[in-house]
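Read through the structure below, which is laid out as structure tokens, and then see the notes.
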Amino acid sequence: VTVQGQKNIVDSLKNNTFTVLHGRDQYRCPRCGKVDAVYSNMLLTLPPVMTFLLGRFYFNRKTMRRQKDISRFAFPLEIDMAPYLDVNDFKEQAMKFYKDWKADREKKEKEEAKRKAAEEVRKAAKAAENSKLPYNGDLKAAIKAKDKEAKKVIMEAMKKRQETSTKGEASEKETQESKKDSGESLAGELKAAVAARDKLMENPVDLSSSHIYELKSVMIHIGTAFSGHYHAYICENDKDVSGNEEKDVESAQWFDFNDHVVSNIPTEQISKQYGGADETAYVLVYAKKGTWKETGVKIPENVRKEIEELNKSAVERRKKYTTLINRVTLRLHPGDMYKVEEDFFTANPTSKAKPVSVVIDRRVTLEEAKKLIAEKMELKDTNFSLNILRTVEGLDGLQCGKSLDDDKKTLEKMGVSKYKSTVLLWDGKTINGTAFKPNPDIGKFMIKLIYYKS
């Protein structure tokens, strides 16, 4: 499917289904000579599952290199393929397409003629002004002739022209300022642009059509024309657990399959793969609506049992694997181990306290984690504070980072990982008898962003 110059898959299919042969490409008719004609590419039949390969990669003849087209190219959750089928009404469809094409062409020609006329008027007005000036307003000629008086007159005329042009620009700027004052700020414009970009393509379909296809999978390419990585968004089956009712295409659950990581994603996330960055949709898989219900294929009992056993063992393996990758070893450092010097924790030579390791699943809540820690360290209660300790490259000592303070959140949600698992265990008030308050800016990455609007 052609991507270059197209806004979405519907327009691309439409423009590739019918092509007008005109100008140098006119059709040579044996009776009437060269005439405009409509060339078509139409489908005779449609498969139950249809795959579209998006033309993201092409050879740039200017640079003589392969390139990836990352322009925005939208695709809907549902598409009606009936308009692209050859149903013996080609003449009627071709005539309609040619009529629309001709009307659009005539409109563009009128706009171009209007623009050229305005340009001619502007040139004539300029020529009339220049005719009243020495050397017909040619500054170079006046400089060459060393005519200082003529040069001065021409430059004054040019200055006046520039001032008139500036007034027009100032008027436009005032309009923009009034928009800003009325609430249409730059932030609002940016938010609106982002919201429009992240919105799923709307494509109303004729529900009576028997050729409606639903999006089932999006294969995504991240990278350039020479290298990259693939992952896929895949939609669950269009039936519920009982296998009787079809789910609405917008409410069906989507998953992101990225190597060994499989995660749930909201349907709206599909719009992020329309383009605009190096991560773009590359292959689209659509299935005919109701395909799975219409097949009516019965799976043999022995095959069904084998599939169930394989699925059961896969679920068990998945549970073990998920537990394994979420298991972290918390290295708990009691506050008595350190002394504080300008937000840096350095070893307290007089302390006998030692770090304690606790193996824990980071999917548990902080409340559950505190109970396990209290049990492991034989503490009376869970009235203690936990902060992630961080190292600073090139400097000695540790810094007190993010506080783990929401009992209802999981450790994973609060940023605990195998790379961030060194934790300070203290009373929340003092470190080795010295009052201490963590710096909230520790660990933050701050940048200054300046946006220039052209």
Query raised in the report: For residues in segment 322-337 being under 20 Å from TRP426 (Cβ atoms) and part of a helix (DSSP H, G or I), which is least open to solvent (accessible area, probe 1.4 Å)?
Result: GLY335
Query raised in the report: Is there a residue in segment 395-412 that is at pLDDT below 90, touching an Asp or Glu at 6+ places or on another chain (Cβ under 7 Å) and open to solvent by less than 100 Å² (accessible area, probe 1.4 Å)?
Result: yes
Report task. Only residues that are under 18 Å from GLN93 (Cβ atoms) and either in contact (Cβ under 8 Å) with a residue 24 or more places away in the chain or open to solvent by less than 70 Å² (accessible area, probe 1.4 Å) (or both): list them for segment 23-38, please. Result -> ASP36, ALA37, VAL38
Report summary line: Only unsatisfied item for VAL1, checking (1) at pLDDT below 90; (2) under 18 Å from PHE97 (Cβ atoms); (3) surrounded by 12 or more Cβ atoms within 10 Å (Cβ to Cβ), is (2)
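Each row is one residue, and each column tells you yes or no for (1) in contact (Cβ under 8 Å) with a residue 24 or more places away in the chain; (2) hydrophobic (A, V, I, L, M, F, W, C); (3) assigned to a loop (DSSP other than H, G, I, E, B).
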position	(1), (2), (3)
GLU378	no, no, yes
ILE388	yes, yes, no
ASP396	yes, no, yes
GLN399	yes, no, no
SER403	yes, no, no
LYS408	yes, no, yes
MET414	yes, yes, yes
VAL423	yes, yes, no
**Report entry** From LYS312, LYS319, residue being exposed (fewer than 11 other Cβ atoms within 10 Å of the Cβ), more than 30 Å from ILE70 (Cα to Cα) and at pLDDT below 90
**Finding:** LYS319
Query raised in the report: Looking only at segment 15-36, which residues are farther than 21 Å from ASP104 by Cα and of a type outside the set (Lys, Arg)?
Result: CYS29, PRO30, CYS32, GLY33
Report task. Kindly list, by first and then second residue, each pair from a residue in segment 218-230 that is in contact (Cβ under 8 Å) with a residue 60 or more places away in the chain and closer than 8 Å to TYR282 by Cβ to a residue that is surrounded by 15 or more Cβ atoms within 10 Å (Cβ to Cβ) and of a type in the set (A, V, I, L, M), limited to pairs with Cβ atoms under 7 Å and residues at least 6 apart or on different chains. Result -> MET219/ALA232; MET219/VAL283; ILE220/ALA232; ILE220/ALA281
Query raised in the report: Out of (1) at pLDDT 90 or above; (2) open to solvent by 40 Å² or more (accessible area, probe 1.4 Å), what's the single condition that is false for TYR274?
Result: (2)
Requested in this report: Using the structure shown, decide if HIS231 is in contact with a Ser or Thr (Cβ under 9 Å, 6 or more places away or on another chain), modelled with pLDDT of 85 or more, under 30 Å from PHE57 (Cβ atoms) and assigned to a strand (DSSP E or B).
Outcome: no
Requested in this report: Filter the strands (runs of 3 or more DSSP E) completely within segment 39-155 down to those with at least 1 residues that are open to solvent by 70 Å² or more (accessible area, probe 1.4 Å) and touching a residue at least 40 places away in the same chain (Cβ under 8 Å).
Outcome: 49-53, 65-68
Requested in this report: Answer with yes or no whether LEU330 is over 22 Å from HIS260 (Cα atoms) and touching a residue at least 40 places away in the same chain (Cβ under 8 Å).
Outcome: yes
Query - Boolean, PHE257 is open to solvent by 40 Å² or more (accessible area, probe 1.4 Å), farther than 30 Å from ILE325 by Cα, among the hydrophobic types (A, V, I, L, M, F, W, C) and modelled with pLDDT of 85 or more - result: no
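Every residue, every condition in (1) farther than 27 Å from GLU268 by Cβ; (2) at pLDDT 90 or above; (3) of a type in the set (Phe, Trp, Tyr), yes or no:
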position	(1), (2), (3)
GLY23	yes, no, no
ASN41	yes, no, no
SER71	no, yes, no
TYR84	yes, no, yes
MET95	yes, no, no
Query raised in the report: Only one of these conditions is not met by LYS14: (1) under 23 Å from the mean Cα position of the chain (by Cα); (2) within 15 Å of PRO83 (Cα to Cα). Which number is it?
Result: (1)
Query - The one condition in (1) modelled with pLDDT under 90; (2) touching a helix residue (DSSP H, G or I) at 6+ places or on another chain (Cβ under 7 Å); (3) surrounded by 15 or more Cβ atoms within 10 Å (Cβ to Cβ) that ASP198 fails to fulfil - result: (3)
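The values are calculated or read from the model by the stated rules, or taken from the named source; none is laboratory data. In this text, all values refer to a predicted model and were calculated from it rather than measured experimentally. So basically every Cβ, Gly included, is an ideal-geometry build from the backbone, and we count neighbours across all protein chains shown. Heads up: the accessible areas ignore ligands, DNA and RNA and are worked out on the full protein's heavy atoms, side chains in. Shrake-Rupley method; radii C 1.70, N 1.55, O 1.52, S 1.80 Å.
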